[in-house]
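Undergrad: Sharing a structure here in structure tokens format.
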Amino acid sequence: MPTIAESKAGPLVRLTRRYRFSASHRLNSPLLSKEQNDETYGKCNNPYGHGHDYVLDVTVAARVDPLRGRVIAVDTLDAFVRRIVVDPFDRHDLNTEVEEFAALVPTTENLAAVVAARLASAWEIAFATPGAPALEKVRIWETRNNIFEVSVGKPDGDCPATAKTKPVECYESR
């Protein structure tokens with residue numbers, strides 16, 4: 001049996017990198033009455049908003065490159081995530097400064113889906129080479145007790161398997 005160093009395809013490895021950003025938001029739906037918004041979102045419906053120090057975990061998966069012994073260069077992944085997510089969200093008001101939330105209530109469920117969609121849509125352009133890692137999942141920690149995860153892999157039979165063609169509604173939020 002060949003060793004890992006002798007095989008053409010190394011073992012499948014998942015790498016998770018952690019990022020941090022701070023953002024403010026107000027949970028309020030224009031489709032609900034004031035009373036319904038108050039009942040649904042409670043103190044998070046404060047007209048002045050509130051903020052969070054979010055923690056973002058991005059998980060990628062690939063075979064270990066037998067020449068380099070790595071799944072991906074972490075500095076490359078870090079630069080990509082900073083450009084696509086961290087810089088556009090950090091120190092911003094999600095309601096008014098992030099385009100996707102013009103039509104979405106910026107709950108962390110929706111934030112996780114938006115982050116996954118942003119990463120997935122740019123992923124296959126940035127990492128188009130054969131053997132490049134696949135974006136597997138995104139996890140956002142709103143608080144130590146509120147953690148939201150979006151799988152970017154194939155969640156069910158109706159959604160395409162590649163991130164390049166998958167619409168945001170195909171993401172499975174857990």
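Readers should treat all values here as calculations from the given coordinates under stated rules, not as data from a laboratory. Note that the structure is a prediction, hence the values are computed from the model and not measured. Cβ atoms come from the backbone with ideal geometry, glycine included; neighbour counts cover every protein chain shown.
Undergrad: So if R0 is 45 Å, what FRET efficiency would residue 18 and residue 46 give, r being the distance between their Cβ atoms, rounded to the nearest 0.05?
TA: According to the calculation, E is roughly 0.95.
Undergrad: Farthest toward the dipole's positive end in the stretch 1-91, which of 48, 32, 77, given Cβ charges of +1 (Lys, Arg) and -1 (Asp, Glu) about the Cα centre?
TA: 77
Undergrad: Provide, as a two-decimal number, the C-alpha radius of gyration of the stretch 8-112 over 2.2 N^0.38 Å, N being how many residues it has.
TA: Against the compact-globule rule of thumb, the ratio is 1.43.
Undergrad: Taking the Cα centre of the stretch 40-126 as origin and charging only Cβ (+1 Lys, Arg; -1 Asp, Glu), how large is the dipole, in debye to the nearest 20?
TA: That gives the stretch 40-126 a dipole magnitude of about 240 debye.
Undergrad: Separate question: What distance in nm separates the two pseudo spin-label positions at residue 129 and residue 68, each 7 Å out from Cα along the beta-carbon direction?
TA: 0.5
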